[in-house]
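Here is the structure we will look at.
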Amino acid sequence: MYLATTGRSTDAQPRPAGAGLRVPGTVVALGAVSLVTDVSSEMVTAVLPLYLVLGLGLSPLQFGFLDGLFNGATALVRLLGGRLADRGGGRHKAVAGAGYLLSALSRLGLLLAGGAAGGIAAAMATDRLGKGVRTAPRDALITLSAPPQALGRAFGVHRAMDTTGALLGPLVAFAVLWVTADAYDAVFVVSFATGLLGVLLLVLFVPAGLPDASMPAPAPAPAPKPRTSAGPKVLADPAFRRVVYAAALLGAATIGDSFLYLLLQRGLDLTPALFPLLPLGAAAGYLLLAVPAGRLADRIGRRTPLLYGHGALLAAYLVLLLPMGWPTVVLTLALLGVFYAATDGVLMALAGPALPREGRAGGLAVLQTGQALARLCGAAGFGAAWTWWGPRPALAVAAVLLAAAVAAAWRILPEPGTGEEELGA
């Protein structure tokens, strides 16, 4: 098995003429869908911590479990979504579309919950069900649409468009709250309508079936053994297994953005109307750096940006332990932007070429599932530590754990230029 993007030696292969110069249309169409969908989802994400903690009076421990549910409790659905997408010659568009529709409908669940914790948890779970179903098929479509040498750039473009939606979402939420005098229900209604628009874009502009294979072929590489399903057979490959282990370890040491925004809000005593603006700084940094980070990963290998990105997240934790002020806010949000630009799409670009075409969605679902379960544990653990010890001791422990995870991942991931990207190394 050949992990096509882990080493400098791989990236140095001659590129076919025209490779990497044009982003495939499927990637652009999926980026447009993600842009609109992220406007919808980030409108809710921007106001949800305040709605739950300040509006409904949930404790940090309760919010930690709900946030973990919101981000990681649908792991098995990710596996199911990937498996369904790989069946019948590729049903990636249909499965992804079902996921986008579920997420849009979850906004109605928040609207109808009426402040009941059970209804809110169900709506959050439905949203994550949707994301769990759609993410692996969508990312598989991207890896199948671009040559391996340009996957970093392709994911960078997609993530930049996705992050544009993340940048606009809090702005729309801020505007809706300002116009409606802090009416959270209005945010949920606008979010629902925007989510439906994303589903419509997917139906109209994303090609059905697998992408056309007429793109320039990459340099010859040892072919992977045929596989018909993800799961244990995928994890039997040493190179891919290392990526999964490292991603899960790093995910367990992250605490979730919502907690970081709550720490900033409490440190500065921000008003609820200003809270939705905090994610804008991180989103702006991600938007500016996603494409350059992807192109850099294509050149030097994807292992190094992935690890240094988590180093930026560690730096954000340490900055939050300093005396709070506006410079702290700016630096924290900038570091979050660097973290996402260097890790999100880069991880998928690292793992995608290690998987066979017919089982790529299922394989990526295995990777995303491990990361999601790990982040569930990380969010719940940090929420418990905050409740028992207070925010600063909990954050200090999180920083130590993340530093240890980065050091361990440095040893686990295949090293560039050493031949460890080969099967059995």
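None of the figures in this text is laboratory data; all of them are computed from the coordinates on show. Keep in mind that what you see is a predicted model, and the values were worked out from it rather than measured. In this analysis, Cβ positions are derived from the backbone assuming ideal geometry, glycine residues included, and neighbour counts consider all displayed protein chains.
Scaled to the compact-protein estimate 2.2 N^0.38 Å, what is the alpha-carbon radius of gyration of segment 264-303, rounded to two decimal places? Display every interim value, and only then the final one.
Numbers: Rg = 15.6 Å, N = 40, 2.2 N^0.38 = 8.9 Å.
Computed over Cα atoms of segment 264-303, the ratio equals 1.75.
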Exercise for the section: Please give the length that would be gained between Arg299 and Cys377 if that part of the chain were fully extended, namely 0.36 nm times their separation in residues minus their C-alpha to C-alpha distance (nm, one decimal). Expected result: 24.7 nm
Exercise for the section: Would you kindly work out the equivalent ellipsoid of segment 284-355 from its C-alpha gyration tensor and give its semi-axes, the square roots of five times the eigenvalues, largest first in whole Å? Expected result: 26, 12, 8
Practice task
Mind giving me the nanometre distance, one decimal, between the label points for Ala181 and Leu322, set 7 Å out from Cα along Cα→Cβ?
Solution key: 4.2
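Let me check I've understood the local charge: for His92, count other residues with C-beta under 10 angstrom from its C-beta, Lys and Arg +1, Asp and Glu -1. What total comes out? Don't jump to the answer; show the numbers that get you there.
Working: positive: Arg91, Lys93, Arg134, Arg138, Arg360; negative: Asp86, Asp139.
My count for the surroundings of His92 gives +3.
By the gyration tensor of its Cα atoms, with a ≥ b ≥ c the square roots of the eigenvalues, what is the shape of segment 138-183: rounded for a/c under 1.5, prolate for a/b over b/c, or oblate?
Working: a/c = 8.02, a/b = 3.96, b/c = 2.02.
It is prolate, given that a/c is not under 1.5 and a/b is the larger ratio.
Place the peptides 358-367, 30-39 in order of packing, highest mean first, counting for every residue the other Cβ atoms within 10 Å and averaging per peptide.
Numbers: 358-367: 27.8, 30-39: 24.7.
Final packing ranking: 358-367, 30-39.
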Problem - Alpha-carbon Rg with Dmax, taken over segment 106-193, Å - result: 16.8, 50
